[in-house]
Structures are given as structure tokens and as C-alpha cells.
1. Within the group 148, 136, 156, which residue is within 16 Å of the ligand (Cβ to nearest atom), farther than 23 Å from residue 19 by Cβ, under 13 Å from the mean Cα position of the chain (by Cα) and at pLDDT 95 or above?
2. Among the residues of the stretch 61-73 satisfying the criterion of being touching a strand residue (DSSP E or B) at 6+ places or on another chain (Cβ under 8 Å) and under 11 Å from residue 47 (Cα atoms), which is surrounded by the most Cβ atoms within 10 Å (Cβ to Cβ)?
3. How about the stretch 74-91: which of its residues are away from the ligand (no atom under 15 Å from the Cβ) and either within 11 Å of the chain's Cα centre (by Cα) or closer than 26 Å to residue 47 by Cβ (or both)?
4. If you check residue 162 against the conditions, is it under 20 Å from residue 98 (Cα atoms), assigned to a loop (DSSP other than H, G, I, E, B) and touching a helix residue (DSSP H, G or I) at 6+ places or on another chain (Cβ under 9 Å)?
5. On the given criteria, is residue 59 within 14 Å of the ligand (Cβ to nearest atom) and more than 21 Å from residue 3 (Cβ to Cβ)?
6. Out of 131, 164, 206, I need the residue that is more than 30 Å from residue 55 (Cα to Cα) and at pLDDT below 95. Which one?
7. Looking at the stretch 92-112 only, could you name the residues that are surrounded by fewer than 22 Cβ atoms within 10 Å (Cβ to Cβ) and within 11 Å of the ligand (Cβ to nearest atom)?
Ligand code: SAM
């Protein structure tokens, strides 16, 4: 999978070189390219924003520079993700769907966001005929300062589902959110007793059927508690 993130703060993405993501890039499973939006500006001040038509507080990101940046990376069958708190809520189900994408392009907004004509432009027939999709996505009902952290949340959630990224693919089985409302049971490791707290006896029994039953009950209790 190819990932392109466009941002005015490329340094935000340094953690993408660490851990599983760093390893997956080294193995060629994944290619992550970070692009500095300001390198697509054409004025001496490297301007990326201007005042909003209609008035109001804050600045809006210029469509021209965004168009140049996206044009430089977009390929047939790409999915362009415009991060916005007003978008469709990101879920594990969406993460699974997006593992099928050939290329994901993350447009990281700042200020009041990106001029809406960018979304409109890449949603037009000339792009859908090339298999290009545009999604406006929110990672939750709160407002961040920019789309960088939101992109990284999505990139991590999507790419850990790609074959070969996780050391043990079994970790994806029985995981929270693997199906609607499912939450994983609590986990324990050594020592058996820690600060007067003991591991539930059943987990030490070696009785796999009973352990599976206990875990299923715990998962249900968690799901009910979180309703
Ligand atoms: N004026 C926008 C509004 O009220 O919807 C908020 C803009 S926010 C300060 C700046 C940028 O942060 C957005 O363009 C978006 O890229 C990103 N952002 C903020 N909250 C987000 C969220 N919950 N999910 C995804 N992106 C978010």
C-alpha cells in the first residue's frame, strides 16, 4: 500500500518511522511519503491560507496550493481522505475497508480547514472515472488543531491490518471492535499476584473450554458496561 500525507508540518510524522510501521516500510509492505504543502506554494512568503469569504474568525487553506500538492501524488484508484471533525466517524470497519485501497492520500487541514472546492474538485466525474474516491473523515467528536495526529491514528489502525505487518496475525482475532460492539476481555500476565491482586483462578486452570467461557462472559460484561 502507498500512503501520501500532505501537511504544513512534515516533522509531525516522525513516529511513522518507528515500531511496526517502520519495520513494514523496511520490508516493502508499505510506502509512506510525507509532503510539505508549502513546497507547492508559488509566492515568496509560502502562503497556504487566506481570510474566509463571508467573514468570520480564522483562516482557510488555499485551494490552489492543495490542488498542486494533490495533483503531484494522486494515481488511479486512490482514496483521498480529507480530515475534518465534520466528516464520517472513523471506525474499525472503515479501517478494514481501507486496507483494500492501493493508495491513501491524507490531506491534513490546519486553521479553519481546507477550501471546500478541493473536496468538490476531486469528487467530480473525471476522477471517479479513474476509480478515485474522496472521503471526509473525523476520528472523533472533538476538534484537534490539525489533521496530522488524526492521519497518524488512521494510518496506524489501517496498516496494522495489512498482511505481514503484525508479528502474530492471530492478534487480530478476538480483538476489540472486530465486530459491532465487541470488546476484548481483560488480560493478565506474570506474576500471579501483584500488590495484593491475583490473576483470576480460572486462567491458571489449563481448562481451555472454561477459560474461553470466562473470557466470553467478561467480554460481554465490558460491552454492557460501555453501552
Ligand atoms: N473549523 C473546523 C470545524 O469547526 O469543523 C475545525 C478546524 S480544525 C481547528 C483544523 C484541522 O484539524 C481540520 O481541518 C482537520 O484537518 C483537523 N481536525 C480537527 N479535528 C479533527 C477530527 N476530530 N478528526 C479529523 N481531523 C480533525
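1. Just one listed residue meets the conditions, 136.
2. Among those that are touching a strand residue (DSSP E or B) at 6+ places or on another chain (Cβ under 8 Å) and under 11 Å from residue 47 (Cα atoms), it is 61.
3. Passing the criteria: only 74.
4. Judged against the criteria, residue 162 is a match.
5. Against the criterion (within 14 Å of the ligand (Cβ to nearest atom) and more than 21 Å from residue 3 (Cβ to Cβ)), residue 59 qualifies.
6. 164
7. 110, 111, 112
One line per residue, one yes/no per condition, for (1) within 24 Å of residue 93 (Cβ to Cβ); (2) part of a loop (DSSP other than H, G, I, E, B):
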{"site": "121", "(1), (2)": "no, no"}
{"site": "131", "(1), (2)": "yes, yes"}
{"site": "143", "(1), (2)": "yes, yes"}
{"site": "191", "(1), (2)": "no, yes"}
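The values are calculated or read from the model by the stated rules, or taken from the named source; none is laboratory data. The structure displayed is predicted, hence computed values, not measured ones. Positions of Cβ are backbone-derived with ideal geometry, glycine not excepted, and every protein chain shown enters the neighbour counts.
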